[in-house]
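The values are calculated or read from the model by the stated rules, or taken from the named source; none is laboratory data. Bear in mind the structure is a predicted one, so any value in this text is a computation, not a measurement. So basically every Cβ, Gly included, is an ideal-geometry build from the backbone, and we count neighbours across all protein chains shown. Note: accessible area is taken over every heavy atom of the protein model, side chains too, but ligands, DNA and RNA are not part of it. Shrake-Rupley method; radii C 1.70, N 1.55, O 1.52, S 1.80 Å.
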Amino acid sequence: MRSHLPAELNRFVGRDRDLARLDRLLRDARMVTVTGVGGVGKTRLALRAAAREAAQERYCDGVRLVELSCLNDPGLLDHAVVDALGLTDHTARAPRRLLLDHLAERELLLVVDGFEQLVDACADLVRELMRGCPGLRVLATGRLPLRIEGEQVFSLPPMDEADALALFAERARAASAGERTVQGHETAAAELCRRLDGIPLALELAAGRLGTLSVEQLLRRLDDRFRLLTGGGRGALPRHQTLRTTIGWSHELCTAAQRLLWARLSVFAGTFDLEAVEYICVGSDLPQEEVLDVLGELIDQSLVTREDGAAGVRYRLLDTVREYGAEWLAETGDAERVHRRHRDWYLGLATWCELDWFSPRQAEVATRVESELPNLRASMEFSLTSPEDAHLAQYLAGTLWFCWVGCGRLAEGRHWLGQVLDAEGEHDSSRLKALWVLGYVAVLQGDAVAAIAALQECREEAELRGDRVAAAYAVHRSGCLALVTDDMPRAEELLRAALAGYEEVGELNSNVLMGQVELAMAVGFRGRLDEAVAVCEQVVEVCDDHGERWARAYAQYVLGYAAWVGGDPAGARRLLRETLAVNHAFHDLVGSVLSLEMLALVAVDTGDPAEAAVLQGAAERIWPSVGLPLFGSAYFYAAHVLCEERTRERLGDAAYEEHRRRGAGIEADAAVARALGGGREAEGARELTPRQDTQPHEHEGPGHAEARRLPLRVERGDGGLKR
């Protein structure tokens, strides 16, 4: 069983009694909240306890982590949990409903970390999930309890003296690259640990200074600092005072450049990379050429942590350290300027990513956007704080269409697009882009009413203002809507008009190529399969020239169907497997399930009816996450019926049902591995981690709903369904 928890970057020290107590609580209670002052080690303890639970395989559906510390909008809470669970869903279901449906029959431990800024919304969500999902257990961390029924609160104390000294010594060795830093200075080190109240964050910050100071020097400086800061705020807990004092003491020990960078780094949400730091945090008092060295110094002092992942080397401020830096940034009077630079950087990043989506770097773009989402959200939130910047929020939400659609975030995209379009603003081009993207998302969600409203407004305003690009996109997405609602003549008319509009303005990207594939579908539905094939062959050629994989997969799906119609099942299987591999890598459920359905039909035609039944069962398991099975479409249903009739005829009803039921018990990842040639043994594999691989994370390709109408033509003859 996979735990889906982050690996520990350094050795876990002490806390044996606390771990044992938390283990007992997790065995006896369904809801446990670890509370305590910031920096006391709540997250580290919870993750260690969760990892132990995973190692003991107590939860057959695994352990998942939801990190909320960088999330401030309660409206995104459900989306964050959906994302953490790696769910792919193409329906218009609310995220809360999706969570309830998914978790209803699963046995899973959900670790909810850092909820205090969302306590009311989080309490409401956890309460509803606990009531509706009997196999769910929750381990939460925060500075205060959620105060819901059944919650067991574990107030985490600071480390005892022995554990505190062990942690300090461990981190001291790492900071000084030596083995004898504390040895011989045990008395001073023990006094230091006592003065720091055994708070792990304070201990780690102090240990980070041992590269330049001795333990005795640290203690003397800390003594001085405590004498200066003995008052604290009225009603403040002593441990809060200690932590703030320790962070303030670390701040005092920083150089002017280090303090500046620390304050400016506080504008980042989540992780960040060096390029962003070198743009956002510079000034006349901190030249760009000095940033790297100063950042390294903050890392040496444990004020900034380094993380290595799929997106490369990234950095993070601990929440308490970030809060302190933000206060100092406000005191400097420079907060507005730095926040604007942050917003401008991520506007530029989104623009670059949109352009690079149409390139061989689609996978890199998907990974980059995944890692930068907290900062992109923060940029939109900042732009919405003033009416004069609302157009920038609209531009950013519209530019991220490839993230909402291509990286499987339709519901979050709908959330942001609704927010930015509700804001006042006079910049028409940005608003028009947000409108057609909203229409696109609504089409893919099956919300025809919202799609029509957004696309009609976009088209009317675009024509009024002479914005030919926005007009073409509005017409294009209106054609998609006609396609998915079975109005093929109208779909062909609108898609041809949109493609002509794109050609007039010189537009060529993944959207344009998908428009061609959608046109191929529309003409194929009208009986002109040769024309559809010709169009898709052209799309494949252009995709190959530009390294584009996303639109290419849909073109290949049409070509795979055409190969099956033409009596070439081997060619059809090859094309459909290639399509399935790409769709699955991008987490495009619709493309994946359609490929599985067609591969089932190919299997029965090539003499393996048992495998066809298994694949139909596997597809049956996926359809509820897409919407109405087979979309209620006669076109899709005809192919499914043809496969089922032929399979039943060759196996018999009882054997067909047995194989179909077995297929319905296979997880999606294992079903895909099986269909790609992994063999029948793949059906026993557990679910993989949808958002922890290095492939593009795409729940929904542009036009994925448009692909619903494939297979294109399956006619009924006297002898039953046939090609």
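Couple of notes before you dig in:
- Test: Thr367 is β-branched (Val, Ile, Thr) and surrounded by fewer than 21 Cβ atoms within 10 Å (Cβ to Cβ): no
- Residue that is nearest to Gly309 (Cα to Cα), among those in segment 362-409 that are among the hydroxyl-bearing types (Ser, Thr, Tyr) and outside any helix (DSSP H, G or I): Thr385
- Test: residue in segment 309-327 that is open to solvent by less than 60 Å² (accessible area, probe 1.4 Å), part of a loop (DSSP other than H, G, I, E, B), under 29 Å from His587 (Cβ atoms) and among the aromatic types (Phe, Trp, Tyr): no
- In segment 343-350, the count of residues that are more than 27 Å from Val590 (Cα to Cα) and surrounded by fewer than 17 Cβ atoms within 10 Å (Cβ to Cβ) is one or more.
- In segment 421-469, residue farthest from Leu508 (Cα to Cα) [restricted to those that are in contact (Cβ under 8 Å) with a residue 60 or more places away in the chain and assigned to a helix (DSSP H, G or I)]: Gln445
- All positions within segment 437-464 that are open to solvent by 10 Å² or more (accessible area, probe 1.4 Å) and either closer than 22 Å to Asp486 by Cβ or aromatic (Phe, Trp, Tyr) (or both): Gln445, Gly446, Asp447, Ala448, Val449, Ala450, Ile452, Ala453, Gln456, Arg459
- Filtered residue count, segment 493-504, keeping only those that are under 7 Å from Ala472 (Cβ atoms) and aliphatic (A, V, I, L, M): 1
One line per residue, one yes/no per condition, for (1) in a helix (DSSP H, G or I); (2) without any contact (Cβ under 8 Å) to a residue 24 or more places away in the chain; (3) in contact with an Asp or Glu (Cβ under 6 Å, 6 or more places away or on another chain); (4) crowded, with 22+ Cβ neighbours inside 10 Å:
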| residue | (1), (2), (3), (4) |
| --- | --- |
| Arg48 | yes, no, no, no |
| Arg52 | yes, no, no, no |
| Glu57 | no, no, no, no |
| Cys60 | no, no, yes, no |
| Cys70 | no, no, no, no |
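- Identity of the residue in segment 30-46, assigned to a loop (DSSP other than H, G, I, E, B) and open to solvent by 10 Å² or more (accessible area, probe 1.4 Å), that ends up modelled with the lowest pLDDT: Val37
- Hey, Cys193 modelled with pLDDT of 80 or more and under 30 Å from Ala335 (Cα atoms) or not: no
- Among the conditions (1) open to solvent by less than 10 Å² (accessible area, probe 1.4 Å); (2) under 16 Å from Asn511 (Cβ atoms), Leu396 misses just one, which is (2).
- Cross-chain or 6+ apart pairs with Cβ under 7 Å, segment 271-286 first and in a strand (DSSP E or B), then not small (Gly, Ala, Ser): Phe272/Arg314; Phe272/Tyr315; Phe272/Asn375; Leu286/Leu260; Leu286/Leu261
- Put simply, of Arg21, Arg27 the only residue that is free of Cβ contacts under 8 Å to residues at least 40 places away in the same chain and of a type in the set (Lys, Arg) is Arg27.
- Qualifying residue in segment 136-145 (condition: among the small types (Gly, Ala, Ser) and modelled with pLDDT under 90): yes
- Among the residues of segment 599-618, the ones that are more than 15 Å from Arg674 (Cβ to Cβ) and either part of a helix (DSSP H, G or I) or touching a residue at least 12 places away in the same chain (Cβ under 8 Å) (or both) come to 5 in all.
- Among the residues examined, Arg306 qualifies as free of Cβ contacts under 8 Å to residues at least 60 places away in the same chain and in contact with a Lys or Arg (Cβ under 8 Å, 6 or more places away or on another chain).
- Conditions (1) among the hydroxyl-bearing types (Ser, Thr, Tyr); (2) in contact with a helix residue (DSSP H, G or I) (Cβ under 7 Å, 6 or more places away or on another chain); (3) over 24 Å from Ser510 (Cα atoms): number failed by Tyr346: (3)
- Per this entry, Ala685 is not counted among residues that are buried (at least 21 other Cβ atoms within 10 Å of the Cβ), at pLDDT below 50 and not aromatic (Phe, Trp, Tyr).
- Residue in segment 332-347 that is among the β-branched types (Val, Ile, Thr) and modelled with pLDDT of 95 or more present: yes
- Annotation: of all residues in segment 246-268 being of a type in the set (Ser, Thr, Tyr) and open to solvent by 10 Å² or more (accessible area, probe 1.4 Å), the one that is modelled with the lowest pLDDT is Thr255.
- Whichever residue in segment 587-623 is out of contact with any helix residue (DSSP H, G or I) (no Cβ under 8 Å at 6 or more places or on another chain) and not charged (D, E, K, R) and, among such residues, is modelled with the highest pLDDT: Gly607
Listed here are the residues, each with its yes/no results for (1) of a type in the set (Val, Ile, Thr); (2) part of a helix (DSSP H, G or I); (3) at pLDDT below 90.
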site: Cys122; (1), (2), (3): no, yes, no
site: Leu125; (1), (2), (3): no, yes, no
site: Arg131; (1), (2), (3): no, yes, no
site: Met159; (1), (2), (3): no, no, yes
site: Ala172; (1), (2), (3): no, yes, yes
site: Asp197; (1), (2), (3): no, no, yes
site: Glu204; (1), (2), (3): no, yes, yes
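- Meets criteria (in a strand (DSSP E or B) and among the aliphatic types (A, V, I, L, M)) for Val138: yes
- Search result, residues across segment 126-155 that are in contact with a strand residue (DSSP E or B) (Cβ under 8 Å, 6 or more places away or on another chain), open to solvent by less than 70 Å² (accessible area, probe 1.4 Å) and among the charged types (D, E, K, R): Arg137, Glu151
- Leu77 meets the conditions (1) open to solvent by less than 40 Å² (accessible area, probe 1.4 Å); (2) under 28 Å from Glu323 (Cα atoms); (3) assigned to a loop (DSSP other than H, G, I, E, B) in every case but one. The failed one is (3).
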